[in-house]
Amino acid sequence: MARVPIEKGFFRVPDDPTEGPRLLGSHCPACDEVFFPRRLVCAKCLHEGTEDVELSPRGRIWTWTYCHVPLFGKKDADVAGYGVAQVDLPEGPRVQSILSGGPDDFAIGMEVEIDLETLRTNSKGDDVVIYRFRPARDGANAGGAAGGGTPAGGGDAS
Amino acid sequence: MKHGLRFDGVAVAGIGMVRFGMFKEIPGAHLARDAGLLALHDAGMTLADVDEAFVGYIQPAPMIGIKAMKELGLTGLPVTHIEDASATGLVAFRDAAWAVSSGRADVAMALCFDKFTDMTGTGGRGAGRDQIDAPILPAAYFALWAQRRMHDRGTTPEQFATIAAKNWNYGAVCPFAHRQSDHVVTPDEVLAARMVAEPLTTMMCCPPDDGAACIILAREDLVRSRQPGRPLVRALASALTSETYSPGHTFVGPVVGPATMTRDTALECYEAASLGPEDVSVAYCHDAFVNEELEYYELLGFCAEGEGEKLVAEGETGPGGRIPFNTDGGLLARGHPGGPTGVAQLHEAVLQLRGDAAGRQVEGARVALAHLVGGGSIATVNLLGVEGVGT
């Protein structure tokens, strides 16, 4: 059973299910700005012809909220809500993404890493997936994020 | 590059709107027709007097603008369709006012309508099942602003709720508001409503709406001759911007650009009008999600950065305050169908400047400001004034 992105061109889904997804970005060779998603023309210096890059799987939460409505199209109807964040990647782009975890699992400034969430199964039996971020797992957040959060319990819904 | 326009010799000839709400059985073209006829009657005109029309809507359907105009008659006038997301109505106004100011039209109409009840599930960006930004709701996007402000400035949900209660209570005394509470709404009631995206409850978020609104602009001498004895309201200036790239821009999901777009756009509008925030008597802003209104107090120049909360605590943006905001209830209570929203703001602004806003009148109102942001990254700020202002 394959995993297919909810929309093409935004992230790569590796064949190896143990490997995480990578966001697909663009780097401007003229001014060094990096963008997500991919684009031909640099939004900053207007150079035509950016280079494809894969972006870091980790970033930091700039701001986040928890939505008290079911995630659109989600298979797991028991999950009553979901988090949404703007995540700053080290290359520069700020990415809006859903979060994997509960309403107490995140804080502004927390380090997060990318993962995949299965939204549903399509007519061919493939899993339709979207990227999401979850608390980084190697202790990078120990005592780090202001305002708490419990990354270790970061509810992996899958 | 300058984005501000100053209008010369342009007055409001007529206004009309259909009270916003859910009108599933009424075609959008009929809502538009009714708003257009109300504005023509208010102007003492027929469509034969109108030289040009700008029809705005965000509903994704071809030809609906021209079809709506045909409900008012077939006179051969040029019709231009306008779509700038939530800012559509003010952009239609801007183009109609410029058509008159530039001399190419003596009379120009901005007619906007939308039907949320027709839009559900029709696949606008962000609404489709297979789109990457589908899970990020507008409420979540603005809740992200609210959370960051709470983090940076210690703003509390109670302060957001106080603004929401103010707008609900303005809506209760405005006959054009969708939400007309039968009791005084308190901040506690706002906070106790169902949570949508923390810290925003349903009572801090605008309702879905159908509706239509129309404003007719004309040469001042024509307006004077058609409606002698009525206070003259002039279109003074307008600024419209899309986003200038800056780090932190998000390209995927709902986005209206950084909040600072409003500040830059307001400065351009003030400059075009040779006015400043101290000249403004009453203001209308994009309060689709109520934390926005707090940001705009500062960004539109009515207080210093970081002092919005103080303005709220002192009641300065409510009845009897220094700068009343959203006296028709704003997007939060008057409603937010999309295209017509900006024209509804102008409808209320004109009533205030004519002295016709019974129950919510800002005494001695001389200058009104109308601001909206639009999805995709648009901001617009517009100024209207009574006779003698800005001349």
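Just order A:95-104, B:334-343 by mean Cβ neighbour count inside 10 Å, highest at the front, would you?
On the way: A:95-104: 22.3, B:334-343: 31.3.
For the peptides A:95-104, B:334-343, the packing ranking is B:334-343, A:95-104.
Out of residues 5 or more away from A:Leu119 or on other chains, whose amide H comes under 5 Å of its own, with H placed 1.01 Å from N in the peptide plane?
For A:Leu119, the qualifying residues are A:Val128, A:Val129, A:Ile130.
Among the aspartates and glutamates, which have Cα under 17 Å from the Cα of A:Lys124 when same-chain residues fewer than 8 positions away are ignored?
Hits, sequence-local ones excluded: A:Glu7, B:Asp130.
Quick check for you: which residues of region B:219-257 have the amide N under 13 Å from the point 7 Å beyond the Cα of B:Ala193 toward its beta carbon?
none
Given just the C-alpha atoms of region B:128-209, how large is their convex hull per residue in cubic angstrom?
Values: hull volume 8.5 nm³, N = 82.
Residue-normalised Cα hull volume stands at 103 Å³.
For B:Lys310, which lysines qualify as cross-link partners when the Cα separation must be under 26 Å and same-chain residues fewer than eight apart are set aside?
Reachable lysines: B:Lys166.
Quantify how strongly other chains surround peptide A:58-70 by giving the mean number of their Cβ atoms within 10 Å of each of its Cβ atoms. Numbers along the way, then the final one.
On the way: counts 0, 0, 0, 1, 6, 10, 7, 16, 7, 11, 9, 8, 0.
What the average comes to for A:58-70 is 6.
Where does each of B:His41, B:His183, B:His81 land when they are ranked from fewest to most other beta-carbon atoms within 10 angstrom? Before the final figure, lay out each step's value.
Details: B:His41 12, B:His183 9, B:His81 16.
In increasing order of surrounding Cβ atoms, one gets B:His183, B:His41, B:His81.
Estimate the FRET efficiency between B:Thr244 and B:Glu271 by the formula 1/(1 + (r/R0)^6), using the beta-carbon distance for r and 22 Å for R0, to the nearest 0.05.
On the way: r = 17 Å, r/R0 = 0.78.
Taking R0 as 22 Å, the efficiency between B:Thr244 and B:Glu271 is 0.80.
I'd like to compare B:205-214, A:129-138: which one has the highest average count of other Cβ atoms within 10 Å, and what's the full order after that?
On the way: B:205-214: 27.1, A:129-138: 20.7.
Averaged packing, sorted descending, gives the order B:205-214, A:129-138.
Hey, if you put +1 on the Cβ of every Lys and Arg and -1 on every Asp and Glu Cβ in chain B, which of B:Leu353, B:Ser101, B:Pro78 ends up farthest toward the positive end of that dipole?
Farthest towards the positive pole: B:Pro78.
Which of B:Tyr297, B:Gly338, B:Thr317 sits closest to the plus end of the dipole of region B:293-391, meaning its Cα is farthest towards the positive end, when Lys and Arg get +1 and Asp and Glu get -1 on the C-beta?
Final value for the positive-end residue is B:Gly338.
Please express the Cα-Cα pair-distance distribution P(r) of the protein assembly as shown as a list of whole percents, one per 20 Å bin, running from 0 to the bin with the greatest distance.
22, 52, 24, 2
If you keep only loop residues by DSSP, which GluC sites (Glu not before Pro) in region A:1-108 have at most 14 other Cβ atoms within 10 Å of their Cβ? Can you show the working numbers first?
Details: sites: A:Glu7, A:Glu19, A:Glu33, A:Glu48, A:Glu51, A:Glu54, A:Glu91; in loops: A:Glu7, A:Glu19, A:Glu33, A:Glu91.
Within region A:1-108, the qualifying GluC sites (Glu not before Pro) (loop, at most 14 other Cβ atoms within 10 Å) are A:Glu19.
Report ³J(HN,Hα) in whole Hz for each residue of region B:285-295, in order, from the Karplus equation J = 6.51 cos²θ - 1.76 cosθ + 1.60 where θ = phi - 60°; Gly and Pro get x.
Listing the rounded values in order: 9, 7, 9, 4, 10, 5, 4, 4, 4, 4, 4 Hz.
Roughly how many nanometres apart are two label points built 7 Å out from the Cα toward the Cβ at B:Lys24 and A:Asp104?
Simple spin-label model gives 4.1 nm for this pair.
Normalising by the residue count of chain B, find the relative contact order in percent from Cα pairs under 8 Å and 6+ residues apart. Could the numbers behind the result be given before it?
On the way: 945 pairs, mean separation 104.9, N = 391.
Worked out over chain B, it gives 27 percent.
How large is ³J(HN,Hα) for each residue in region B:201-215, as worked out from phi by the Karplus curve 6.51 cos²θ - 1.76 cosθ + 1.60 (θ = phi - 60°), to whole Hz, x for Gly and Pro?
Per residue, the Karplus-derived 3J(HN,Hα) values read 8, 4, 7, 9, 10, 5, x, x, 8, 10, x, 8, 8, 9, 9 Hz.
Could you calculate, for region B:1-143, the ratio of the Cα radius of gyration to the Kirkwood radius, expressed as Rg to Rh?
Details: Rg = 16.8 Å, Rh = 16.5 Å.
Rg/Rh for region B:1-143 comes to 1.01.
Placing one identical point scatterer on every Cα of region A:3-138 and ignoring solvent, what is log10 I(q)/I(0) from the Debye formula at q = 0.10, 0.14, 0.15, 0.20 Å⁻¹?
Each listed q corresponds, in turn, to -0.36, -0.68, -0.78, -1.20.
What FRET efficiency, computed as 1/(1 + (r/R0)^6) with R0 = 60 Å and r the Cβ-Cβ distance, is obtained for A:Met1 and B:Ser225, rounded to the nearest 0.05? Before the final figure, lay out the partial values.
Details: r = 75 Å, r/R0 = 1.25.
Step by step, r from the Cβ atoms, then E = 0.20.
Quick check on packing: order B:247-256, B:377-386 by the mean number of other C-beta atoms within 10 Å, highest mean leading.
On the way: B:247-256: 18.6, B:377-386: 27.5.
Packing order, densest peptide first, comes out as B:377-386, B:247-256.
Taking Cα centroids, how far is region B:281-353 from region A:36-66 in Å?
A separation of 34 Å, based on Cα centres.
For a quick check: with amide H placed at 1.01 Å from N, whose amide H comes under 5 Å from A:Arg39's, ignoring anything fewer than 5 positions away on the same chain?
A:Ser26
What average number of partner chain Cβ atoms lie no more than 10 Å from the Cβ of the residues making up B:246-254?
Working: counts 2, 7, 6, 5, 9, 10, 9, 6, 1.
Counting Cβ atoms of other protein chains within 10 Å of each residue's Cβ and averaging gives 6.
Tell me, what HN-Hα J-couplings in whole Hz come from the Karplus equation 6.51 cos²θ - 1.76 cosθ + 1.60 at θ = phi - 60° for each residue of region B:68-83, using x for Gly and Pro?
5, 4, 5, 5, 8, x, 10, 10, x, 5, x, 10, 10, 8, 10, 9
Pop a pseudo-label 7 angstrom from the Cα along the beta-carbon direction at both A:Val69 and A:Leu46 and give the gap in nm to one decimal.
3.9
Averaged over its residues, how many other protein chain Cβ atoms are within 10 Å of peptide A:80-88's Cβ atoms? Intermediate results must be reported in sequence, preceding the final value.
Values: counts 0, 4, 4, 3, 11, 4, 9, 1, 2.
Across A:80-88, the average partner-chain Cβ count within 10 Å equals 4.
Grab the DSSP H runs of chain B that are 4 residues or longer, score each as -39,500 (n - 2.57), total them, divide by all residues and round the 222 nm result to the nearest 500 deg cm²/dmol.
Numbers: 13 runs with 132 residues, N = 391.
It comes out at -10000 deg cm²/dmol, rounded to the nearest 500.
Bins of 20 Å, beginning at zero and ending with the bin holding the largest distance: percent of Cα pairs per bin for chain B, please.
Calculated P(r), rounded to whole percents: 31, 61, 8.
Laboratory data are not the source of any read-out in this text; all were calculated from the coordinates shown. The structure presented is a predicted model; accordingly, all values stated were derived computationally and were not measured. FYI the Cβ positions are ideal-geometry reconstructions off the backbone, even for glycines, and counts take in every protein chain you see.
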